[in-house]
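Quick notes on the structure that follows.
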Amino acid sequence: MHLPESCRAISDVLNRVGDKWSVLVVVMLGGGPQRFNELRRRIGGISQRMLTLTLRGLERDGLVSRTIYPTIPPRVDYALTPLGEDLLKPVGALTQWAQDNQHHIEAARRRYDGRVDESKAA
């Protein structure tokens, strides 16, 4: 039976865990807690604002915890929650699949692009 509420809920979760920055943050935090700047250095190409928004979204969804230490300046660590650690399993499987099949996908793209280029020339 098709339930619209279920589809919306699934879509909402997949939107969070399916965006490129969230997946990279989860993978990086899979190695243990990290500070903001450490994450930013390890994830090339992410802006400070985008990392902030991504971490907030992951925290809101219960995948990441934020711990503030009362030091000067304050130290903030981000870590996966048990739910976030559980997400590492399917993300790891998808990452492995992507690595195993990258060459197949690249070859398919070349074939497709070649056909598209031929049809434009015709």
**Complete:** GLY114 meets each of (1) over 30 Å from GLU38 (Cα atoms); (2) not in a helix (DSSP H, G or I) with one exception, condition (2)
**Message:** Of the residues GLY84, GLY92, only one is assigned to a helix (DSSP H, G or I) and at pLDDT below 90; which?
**Reply:** GLY92
**First in segment 23-41 and closer than 22 Å to PRO73 by Cβ, second anywhere and at pLDDT 95 or above and in a helix (DSSP H, G or I), Cβ under 6 Å, 6 or more apart** = ARG40/LEU51
**Prompt:** Just one of THR71, THR54 is assigned to a loop (DSSP other than H, G, I, E, B) and on the phi < 0 side of the Ramachandran plot; which is it?
**Reply:** THR71
**Prompt:** Among the residues of segment 57-68, which ones are more than 11 Å from VAL25 (Cβ to Cβ), outside any helix (DSSP H, G or I) and not polar (S, T, N, Q)?
**Reply:** ASP61, GLY62, ARG66, ILE68
**Item:** Matching residues in segment 44-95 - criterion: being touching a strand residue (DSSP E or B) at 6+ places or on another chain (Cβ under 8 Å) and among the basic types (Lys, Arg)
**Value:** ARG66, ARG75
**Message:** Being assigned to a helix (DSSP H, G or I), at negative phi and at pLDDT below 90 is true for just one of VAL26, VAL17. Which residue is that?
**Reply:** VAL17
**Request:** Could you check how many residues of segment 36-68 are farther than 25 Å from ILE10 by Cβ and loosely packed, with under 13 Cβ neighbours inside 10 Å?
**Result:** 9
**Asked** Which residue pairs have Cβ atoms closer than 8 Å, lie 6 or more positions apart in sequence or on different chains, and pair a first residue in segment 42-70 that is over 10 Å from SER22 (Cβ atoms) with a second residue that is in a loop (DSSP other than H, G, I, E, B) and not charged (D, E, K, R)?
**Response** LEU51/ILE43; GLY62/THR81; SER65/THR81; THR67/PRO33; ILE68/PRO74
**Asked** Which residue pairs have Cβ atoms under 8 Å apart, sit 6 or more places apart or on different chains, and have a first residue in segment 73-94 that is closer than 18 Å to ARG56 by Cα and a second that is of a type in the set (Phe, Trp, Tyr)?
**Response** ARG75/TYR69; VAL76/PHE36; VAL76/TYR69; ASP77/TYR69; TYR78/PHE36
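The values are calculated or read from the model by the stated rules, or taken from the named source; none is laboratory data. Just so it is clear, the structure is predicted and the values come from calculations on it, not from any experiment. Reconstructed Cβ throughout: ideal geometry from the backbone, glycine too, with neighbour counts over all protein chains shown.
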